[in-house]
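For reference, the structure discussed in these notes is given below.
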Number of protein chains: 2
Amino acid sequence: MAWMWKIYPRRASKEFFGGCSMLEATIHNTRDTMLIEKIKNRESGIILYGITPPKKGTSAEKIAEISSRQIQRIQSLKIDGLILYDIQDEKSRTSEERPFPFMETVDAFHYSKEYLYSLSVPKIIYRSVGKYSKSELSQFLVDASAKDDLTVFVGAPSKSQAITLSINDAYKLKAETNNNLLLGGVTIPERHQSKGDEHIRVFNKISQGCTFFVSQGVYDVNASKDFLSEYYYYGQKHNIPLVPIIFTLTPCGSLKTLQFMKWLGISIPKWLENELTHSNDILQKSLDFSEQSWLELKSFANEKGIPIGCNIESVAIRKIEVDASIELLQRINRQCNK
Amino acid sequence: MAWMWKIYPRRASKEFFGGCSMLEATIHNTRDTMLIEKIKNRESGIILYGITPPKKGTSAEKIAEISSRQIQRIQSLKIDGLILYDIQDEKSRTSEERPFPFMETVDAFHYSKEYLYSLSVPKIIYRSVGKYSKSELSQFLVDASAKDDLTVFVGAPSKSQAITLSINDAYKLKAETNNNLLLGGVTIPERHQSKGDEHIRVFNKISQGCTFFVSQGVYDVNASKDFLSEYYYYGQKHNIPLVPIIFTLTPCGSLKTLQFMKWLGISIPKWLENELTHSNDILQKSLDFSEQSWLELKSFANEKGIPIGCNIESVAIRKIEVDASIELLQRINRQCNK
């Protein structure tokens with residue numbers, strides 16, 4: 001079976017699901033209006049689910065079919081919000097060949113408004129700001145609803161990437177245009193291990209308006225704990241209240257996915273990579289590790305009162321992998337309700 | 001109170017204890033003759049305790065006093081063997097200033113034979129082979145008893161260190177001189193993270209006669225798991241039976257000890273360093289982490305059937321730190337008996 005790829009914040013993909021009718025009544029998710037309050041209250045335990053819009057060029061009919069499937073899948077999930085990624089090509093970040101080709105998607109905000117409106121869960125619209133002109137981003141900020149939408153700004157993947165708008169300019173624009181819209185940032189705990197200043201970057205972003213952060217996929221718990229620890233002690237020392245850090249968990253269903261995750265810059269400890277590589281069921285093994293990672297992070301953060309949450313990505317390839325992301329979400333939900 | 005330092009395999013120290021009489025009857029430790037069998041059987045669960053002989057130049061009377069204290073302390077411990085370190089100056093390894101001065105000790109084998117004979121537990125005599133001439137090492141190998149003694153050869157801390165005997169020559173000498181004496185090697189899991197070949201080094205040493213390994217102090221469990229994983233899968237792939245890996249746990253009683261451990265090349269994750277640094281009771285915290293590290297390593301190794309054991313070092317500074325090493329040993333013993 002030929003299957004296409006959606007995998008990651010800011011990254012290439014295609015959602016691929018069988019069809020069914022799209023029109024459905026608005027579903028009232030029990031958590032729906034809570035997300036904004038939870039973020040403002042700096043609460044722990046926020047749970048998100050992340051998807052990527054369909055590939056650009058997909059017919060309207062096919063998009064309707066895909067979105068219907070997604071709605072069906074998402075409506076029953078106990079989540080606080082739905083992330084819609086805005087992928088960008090990252091070829092400037094590494095000279096290594098990309099294991100899967102980069103494919104542009106339809107606009108996340110457009111997709112949310114036109115196809116996912118029946119899902120009452122708050123939408124977190126990613127914006128890879130370097131892709132947009134000032135007026136384009138401005139228009140998005142005007143159109144976004146501070147009640148139903150949130151946004152996360154993503155900077156360029158490397159300094160050499162050609163951009164039209166810098167992230168600092170985007171922050172200024174956001175403050176001027178729609179100050180009430182909740183803004184998040186991305187954090188890459190792995191970067192802390194090489195540069196040691198990820199917590200400083202996060203505090204800088206907080207000072208520019210970010211009220212929550214979503215991490216890159218976590219396979220290296222030590223890197224995340226290093227970051228959380230520095231974030232905590234710096235906040236204490238400088239008397240800065242902490243905002244929620246949402247850790248992303250990504251099931252891994254094949255060796256090629258593993259290779260792709262590494263290409264994306266996700267750090268995977270050697271022992272864990274060996275376990276996945278030698279496993280008879282890499283997907284289930286990755287779920288076990290992801291759940292374990294969450295428990296370890298939760299225990300570490302709870303002890304210090306650091307607000308953390310969890311974002312589960314749908315690695316929407318084969319049905320088995322989509323199901324795995326749902327299973328992981330349910331496992332995390334059970335852990336959070338304990 | 002002025003206190004002196006003993007801390008580490010191959011490293012400077014001074015044992016400092018109050019005096020008491022030395023002559024005592026030979027104590028029969030329940031584990032005493034088991035160590036050699038356990039190693040030959042490649043068993044898990046070997047527990048060792050590591051000490052450094054008194055500082056060179058200490059009077060015979062004072063040495064007797066120190067050894068008496070050590071005997072008292074060690075005789076009731078449930079251990080399979082007692083490590084006696086042979087420290088060497090490591091100034092060639094790093095240009096950073098050593099937090100504690102290097103101090104030579106009396107010869108470990110001499111100390112064992114002359115002062116610790118009443119302890120019937122097997123002694124593992126370290127030999128920093130680069131310090132000795134061929135005839136000196138040869139003499140040690142002739143004098144050592146394959147029934148009561150074991151030895152661990154340690155190479156030069158860096159390539160620039162002036163040595164009289166290379167470790168490969170030492171291995172050859174050992175095979176020619178006292179082939180029955182059980183030989184161990186040292187392993188530095190941290191090295192695996194930078195060089196990625198620690199398991200290969202270990203297998204090379206096995207082929208040269210090593211039948212067990214003792215690690216550097218473990219504060220970075222991930223590094224140890226990386227090494228164990230590679231050791232396991234390489235052994236599987238090449239059908240080489242695994243020998244026991246004994247992980248060293250070292251209580252840390254002060255910020256200066258922490259600094260010293262880092263100087264010695266022990267990798268400490270940032271989050272863990274922060275926890276120790278900010279703790280009101282760094283010593284107890286370090287015991288908690290050490291116990292936790294052991295549990296994590298044990299669980300990882302047991303699942304795969306990798307034989308591992310544990311060596312607890314006495315960081316013989318203040319009495320409270322000596323007591324802490326005993327407490328840690330007891331904790332580990334309880335965990336091993338579960």
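Read the figures in this text as sums done on the coordinates, not as results from a lab. Here the structure is a predicted model, which means the values were calculated and not measured. Methodologically, a virtual Cβ is constructed for each residue, glycine included, from the backbone with ideal geometry; neighbour enumeration extends over all protein chains shown.
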Using a 10 Å cut-off around each Cβ of peptide A:223-229, what is the average number of partner chain Cβ atoms that fall inside? 4
Give me the number: length gained by fully extending residue A:337 to residue A:280, i.e. 0.36 nm times residue separation minus the C-alpha to C-alpha distance, one decimal in nm. 17.5 nm
When only C-alpha pairs under 8 Å and at least 6 residues apart count, what is the relative contact order of chain B, in percent? 20 percent
What distance in nm separates the simple spin-label points at residue A:295 and residue A:110, each placed 7 Å from Cα in the Cβ direction? 4.5 nm
Specify whether the C-alpha gyration tensor of the stretch B:231-288 places it in the rounded, prolate or oblate class, a ≥ b ≥ c being the square roots of the eigenvalues: rounded for a/c under 1.5, otherwise prolate if a/b is larger than b/c and oblate if not. prolate
Helix-only [θ]222 nm of the protein assembly as shown, DSSP H runs n ≥ 4, -39500 (n - 2.57) each, per residue, nearest 500: -13500 deg cm²/dmol
Work out the length of the dipole vector of the protein assembly as shown about its Cα centre, built from +1 on the beta-carbon of each Lys and Arg and -1 on the beta-carbon of each Asp and Glu, and round it to the nearest 20 debye. 380 debye
What are the distances, in nm and sorted shortest first, from the label point of residue A:146 to the label points of the same position in each other copy, with each label point placed 7 Å from Cα along the Cα-to-Cβ direction? 8.4
Using Cα springs under 10 Å in a Gaussian network model of chain B, which residue among B:254, B:118, B:76 shows the largest mean-square fluctuation? B:76
Taking every DSSP beta bridge that has both residues in chain A, what percent is antiparallel when rounded to the nearest 5? 5 percent
Distant-in-sequence amide H partners of residue B:121 (H built 1.01 Å from N, under 5 Å): B:29
Using a Gaussian network model of chain A with C-alpha springs under 10 Å, which one of A:295, A:35, A:119 is most mobile by mean-square fluctuation? A:295
Tell me whether the protein assembly as shown comes out rounded, prolate or oblate; compute the Cα gyration tensor, take square roots of the eigenvalues as a ≥ b ≥ c, and use a/c under 1.5 as the rounded threshold. prolate
Across the identical copies, how the residue A:338 labels are spaced - nm, sorted shortest first, 7 Å along Cα→Cβ: 1.5
Excluding residue B:307 itself, calculate the net charge of residues whose Cβ lies under 12 Å from the Cβ of residue B:307, where each Lys or Arg counts +1 and each Asp or Glu counts -1. +4
Simple Cβ-charge dipole of the stretch A:167-291, Lys/Arg +1 and Asp/Glu -1, about Cα centre, in debye nearest 20: 320 debye
How many nanometers, to one decimal and shortest first, lie between the label point of residue A:102 and those of its other copies, if labels sit 7 Å from Cα toward Cβ? 5.2
Order these by the 10 Å Cβ neighbour count, fewest first: B:320, A:74. B:320, A:74
If you rotate chain A onto chain B, the residue of A with its Cβ nearest that axis, and the gap in whole angstrom, comes out as A:222, 3
Averaged over B:269-279, how many beta carbons belonging to a partner chain fall within 10 Å of each residue's beta carbon? 5
Taking every DSSP beta bridge that has both residues in the protein assembly as shown, what percent is antiparallel when rounded to the nearest 5? 5 percent
Shape category assigned to chain A from the gyration tensor of Cα positions, a/c cut at 1.5: rounded
